[in-house]
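Asks: First the structure, then my questions, so here it is.
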Amino acid sequence: MPYQQNHSCLHECVVACHKFVEVNALGLTVAALSSYDSNMRAAAYFVLASFRSHLEGARFREKNQLLYLLDAVQNGIRQPNLRFTFSLTLYIARVAQQILKPEEHMYIKVNRFLLSHQYLDLRKVPGFFQLFYSFDFEYKTEREWILRFLGEGLRDKYCYELYDYQRIFQVILSFFNSPLCDEGSQSCILEILQNAAHVTRAAYELIQDHSLLTWILHILEKRFLENKLLNKIISLLHTLWLTNLGGKRESKNQSQENRKFLPIQLVNEFLYVLITLIKHIRTNLDLAKLTQFFSTLHSVLEYRAIVVEAFKEMRRFTVNDGVLSNKEILLLLHKWSIIEKDLQLQEDVQTLAQKYQIKELLIKEKNKSQASSHAYHRIRKKHEVEREDDTAADLKVSELEKCRGHLNAIFAHWEPVFPAPPTRHQGEPLKSTDLADETVSLTCASAYVVTQWLIKSMVEHSLNTQNVSLTLRWLQNCILPHPVAVQEVLRDETLRNNIFKFYTQICEASSGTAELFKELCSFSSIMLRLMDAQGLTNNSCHELVKTLCLSAMTEEDANKKAVCVFLTSVYIGDIWLGAQEPDMLITHVKLICSSTDDKLNDDLETHKQGEETIMPLCKTLHLAALGH
């Protein structure tokens, strides 16, 4: 027998067996049988054997039932120092506690189960089917008991394998959408899945073998979900993604051929489910869960871009490169405008929704009045608990900042698609062209609103180097190649001013950050192209400054690069603000050429080595200015 009566315990040290079970000391000892440490398990077996010897000499009502429980456990053990799954040790501990509570309904159920089994089958969850499919009058109590046990008992892959062996996941996933499944049972089932999602094998197999993402999608297609349920679904998706992703995003240094990627189909499934979830986002959702949602969507888009890029490098075929439609982007903006109470953004999105009849975005008057009523109650409540709300407000600001950062990255992964106008043969109607024009208009309007939000976010909030890089890359790749989008952006004076503010911020911050300095080179190139689009090129230095900017982007010498960037930024500051000629630039060029200005020499002291190389270009700029 793996554990047997041990008479080495001192008889004068009598153990209060009833108390030992009541305070869950027996449960703790049994739990140690699931330890990965063989010495820990051996110690637990020793304690159990000692406890059994004391139990035989004890006198209390539940003694025989506890002895029967220990015998059933002992009879199920087939090898010395066997490791139990944690689920089984929790079951044994729960049953031992339940034996001391004869007034409860589950007392009868667990005793009946014990009396009908001579040994505990360690390959199954004891009594699962009897309790889950109970026809007893107290069937809800029994089902809740076993579901809570399943959730709390799932800790590792061995617990998952135990459940999967009995097809428990198939049972609970099917039951979730049944009319018989109440809110409490749904909550328990999601808790089981949440714990399973932390286990690598479970997180993958539940999606591949049990179509868990499709199952979640079916839930999300309902018109309305309670906050509690929605919070749990967001957590489940977040955990499933992170567990499946594992260390794959940390393997960037490996060659593309040697890297292991998640299947692109799996990534696309996650993306589709998350996009479907957007419509359920609302203001009273838990902010921590909202952050999890945006974080997960950001991570999926980022990883998908890495996979698609790697496939292209390996010349592997990929389809549907584009993600996020115009309507989905506008829906995200709409949800964010409500969360952040950005009335101007709400108005802009509603204007587009009305113009292009986007039903998902149209706010009914009834909803507006309800929102006003909720706002009144929130203000009233704030006055009642002002001190508590100060702390809550700080937490809210912190969470919103995290959400904004993720949202910034999400928008930067959107690639607006401007369809080419269809070729029209003679005699064909113009209807198809009109449709294409409307699509271009919606895409252009969406791109404008996103640009407006991205730039405003950068100007009004602290700079994040990664998001700065993503935003500039998005402007470079998704806006500048499309003249219609560029003109839409430049038509807005406020947006033009914000772009220049953003540029100025990067100029000021780049002096202390190498990464931001690199982004400043790219930003200068973007600014020059935007100036081209505005026709701000009728001066003597524009083409030469473009050459200067290009050399800054390709120059390897840090000192030379710094001087090039500095002179380019001075020129942009002159012309963007409306000067006919770059007077400030010309002044600096004169000073560099004459080398007579001490202040300039102080400003450029770290770049003196670059002056010899930059001097010819400065002289060229000077001559061009004189010639003009």
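Asks: Check the range 557-566 and report whether any residue there is under 18 Å from L480 (Cα atoms) and either of a type in the set (S, T, Y) or touching a helix residue (DSSP H, G or I) at 6+ places or on another chain (Cβ under 8 Å) (or both).
Replies: Filtering the range 557-566 for residues under 18 Å from L480 (Cα atoms) gives none.
No, because not a single residue in the range 557-566 is under 18 Å from L480 (Cα atoms) and either of a type in the set (S, T, Y) or touching a helix residue (DSSP H, G or I) at 6+ places or on another chain (Cβ under 8 Å) (or both).
Asks: Would you call N227 within 19 Å of I275 (Cα to Cα) and at pLDDT 95 or above?
Replies: Details: within 19 Å of I275 (Cα to Cα): yes; at pLDDT 95 or above: no.
Answer is no for this residue.
Asks: Sort out which residues of the range 577-592 are under 24 Å from K501 (Cβ atoms) and either without any contact (Cβ under 8 Å) to a residue 40 or more places away in the chain or open to solvent by less than 30 Å² (accessible area, probe 1.4 Å) (or both), and write them in order of number. Before you say what the answer is, go through the steps one by one.
Replies: Residues of the range 577-592 that are under 24 Å from K501 (Cβ atoms), as a first pass: 577-585, 587-588.
Within the range 577-592, G578, A579, P582, D583, M584, L585, T587, H588 qualify.
Asks: Further question: Considering only the range 164-181, state which residues are open to solvent by 30 Å² or more (accessible area, probe 1.4 Å) and under 20 Å from S235 (Cα atoms).
Replies: Result: N177, single match.
Asks: Name the single residue, out of those in the range 303-326 being under 17 Å from V273 (Cβ atoms) and buried (at least 16 other Cβ atoms within 10 Å of the Cβ), that is modelled with the lowest pLDDT. Explain how you work it out, then say what you get.
Replies: As a first pass, look at the range 303-326 and keep what is under 17 Å from V273 (Cβ atoms): 303-304, 320, 323-325.
Still in the running and buried (at least 16 other Cβ atoms within 10 Å of the Cβ): 303-304, 323-325.
Details: Y303: 94, R304: 92, V323: 80, L324: 89, S325: 91.
Top of the filtered list is V323.
Asks: May I pose another question? In the set E515, E519, E543, E508, which member is farther than 24 Å from Q580 by Cβ and either surrounded by 16 or more Cβ atoms within 10 Å (Cβ to Cβ) or over 32 Å from the mean Cα position of the chain (by Cα) (or both)? Give the steps one after another, and end with the answer.
Replies: Values: E515 fails: either surrounded by 16 or more Cβ atoms within 10 Å (Cβ to Cβ) or over 32 Å from the mean Cα position of the chain (by Cα) (or both); E543 fails: farther than 24 Å from Q580 by Cβ; E508 fails: either surrounded by 16 or more Cβ atoms within 10 Å (Cβ to Cβ) or over 32 Å from the mean Cα position of the chain (by Cα) (or both).
After ruling out the rest, the residue left standing is E519.
Asks: Could you list, in sequence order, all residues of the range 62-80 that are assigned to a helix (DSSP H, G or I) and open to solvent by less than 30 Å² (accessible area, probe 1.4 Å)?
Replies: Going residue by residue through the range 62-80, those that are assigned to a helix (DSSP H, G or I) are 63-76.
Matches in the range 62-80: L66, L67, L69, L70, A72, V73, Q74, G76.
Asks: Could I ask something else about it? How many residues does the range 209-229 contain that are open to solvent by less than 10 Å² (accessible area, probe 1.4 Å), free of Cβ contacts under 8 Å to residues at least 60 places away in the same chain and within 24 Å of Y160 (Cα to Cα)? Before you say what the answer is, go through the steps one by one.
Replies: The initial filter retains those residues of the range 209-229 that are open to solvent by less than 10 Å² (accessible area, probe 1.4 Å), namely 212-213, 216, 219-220, 225.
So of that shortlist, the ones also free of Cβ contacts under 8 Å to residues at least 60 places away in the same chain come out as 212, 216, 219, 225.
From what is left, the residues that are within 24 Å of Y160 (Cα to Cα) are 212, 216, 219.
Going through the range 209-229 one residue at a time, the tally reaches 3.
Asks: Sticking with this structure for a sec: Kindly list, by first and then second residue, each pair from a residue in the range 63-92 that is under 22 Å from Y160 (Cα atoms) to a residue that is assigned to a loop (DSSP other than H, G, I, E, B) and not aliphatic (A, V, I, L, M), limited to pairs with Cβ atoms under 6 Å and residues at least 6 apart or on different chains.
Replies: Pairs that qualify, where the first residue is under 22 Å from Y160 (Cα atoms) and the partner is assigned to a loop (DSSP other than H, G, I, E, B) and not aliphatic (A, V, I, L, M), are G76/Y119; I77/P2; F86/R155; S87/G153; L90/G153; Y91/P126.
Asks: Right, something else. Being surrounded by fewer than 16 Cβ atoms within 10 Å (Cβ to Cβ), in a helix (DSSP H, G or I) and charged (D, E, K, R) is the filter; apply it to the range 448-495 and report the residue that is nearest to the chain's Cα centre (by Cα).
Replies: Only one residue tops the list, namely R473.
Asks: Output the qualifying pairs, or none if there are none: Cβ atoms under 8 angstrom, residues six or more apart or on different chains, first residue in the range 299-314 and on the phi < 0 side of the Ramachandran plot, second residue among the acidic types (D, E).
Replies: Here the result reads V308/D321; M314/E257, each pair linking the range 299-314 to a residue that is among the acidic types (D, E).
Asks: Something else now. Quick check: anything in the range 115-122 in a helix (DSSP H, G or I) and at pLDDT 90 or above?
Replies: First, pick out the residues of the range 115-122 that are in a helix (DSSP H, G or I): 115.
Narrowing the set further to residues that are at pLDDT 90 or above leaves none.
No, the range 115-122 has no match at all.
Asks: Of all the residues that make up the range 136-154, how many are assigned to a loop (DSSP other than H, G, I, E, B) and crowded, with 18+ Cβ neighbours inside 10 Å? It would help to see each step written out before you state the result.
Replies: Of the range 136-154, the ones assigned to a loop (DSSP other than H, G, I, E, B) are 136-138, 153-154.
With the extra rule that they be crowded, with 18+ Cβ neighbours inside 10 Å, the set shrinks to 153-154.
The qualifying residues number 2.
Asks: To continue, here is another question. In the range 496-514, which residues are farther than 28 Å from T443 by Cα and assigned to a helix (DSSP H, G or I)?
Replies: Filtering the range 496-514 down to residues farther than 28 Å from T443 by Cα leaves 504-514.
Correct list: T504, Q505, I506, C507, E508, A509, S510, A514.
Asks: Next question. Condition test on I207, is it part of a helix (DSSP H, G or I), at pLDDT 90 or above and under 20 Å from L147 (Cβ atoms)?
Replies: On the way: part of a helix (DSSP H, G or I): yes; at pLDDT 90 or above: yes; under 20 Å from L147 (Cβ atoms): no.
No; evaluated as a whole, the condition is false for this residue.
Asks: Run down G610, G535 and say which single residue is at pLDDT 65 or above and not hydroxyl-bearing (S, T, Y). Outline the logic, then answer.
Replies: Working: G610 fails: at pLDDT 65 or above.
Of G610, G535, the one residue that is at pLDDT 65 or above and not hydroxyl-bearing (S, T, Y) is G535.
Asks: Looking for whichever is in a helix (DSSP H, G or I) and open to solvent by 20 Å² or more (accessible area, probe 1.4 Å) here; the options are R83, R52. Which one fits? Talk me through it step by step, then tell me what you get.
Replies: Details: R83 fails: in a helix (DSSP H, G or I).
Being in a helix (DSSP H, G or I) and open to solvent by 20 Å² or more (accessible area, probe 1.4 Å) holds for just one of R83, R52, which is R52.
Asks: For the list (1) at pLDDT below 90; (2) part of a helix (DSSP H, G or I), I need the number of the one condition that T283 fails.
Replies: Single failed check for T283: (2).
Asks: Is the range 17-35 home to any residue that is more than 23 Å from G153 (Cα to Cα), in a helix (DSSP H, G or I) and open to solvent by 30 Å² or more (accessible area, probe 1.4 Å)?
Replies: Step one: list which residues in the range 17-35 are more than 23 Å from G153 (Cα to Cα), which gives 17-19.
Checking which are in a helix (DSSP H, G or I) leaves us with 17-19.
In the following step, the residues that additionally are open to solvent by 30 Å² or more (accessible area, probe 1.4 Å) were identified as 18-19.
Taking every residue of the range 17-35 in turn, at least one turns out to be more than 23 Å from G153 (Cα to Cα), in a helix (DSSP H, G or I) and open to solvent by 30 Å² or more (accessible area, probe 1.4 Å).
The values are calculated or read from the model by the stated rules, or taken from the named source; none is laboratory data. Just so we're clear, the structure is a prediction, and the values are computed from it rather than from any experiment. We place every Cβ from the backbone using ideal geometry, glycine too, and count neighbours over all the protein chains shown. We work out accessible area using only protein heavy atoms, side chains counted, and drop any ligands, DNA or RNA first. Shrake-Rupley method; radii C 1.70, N 1.55, O 1.52, S 1.80 Å.
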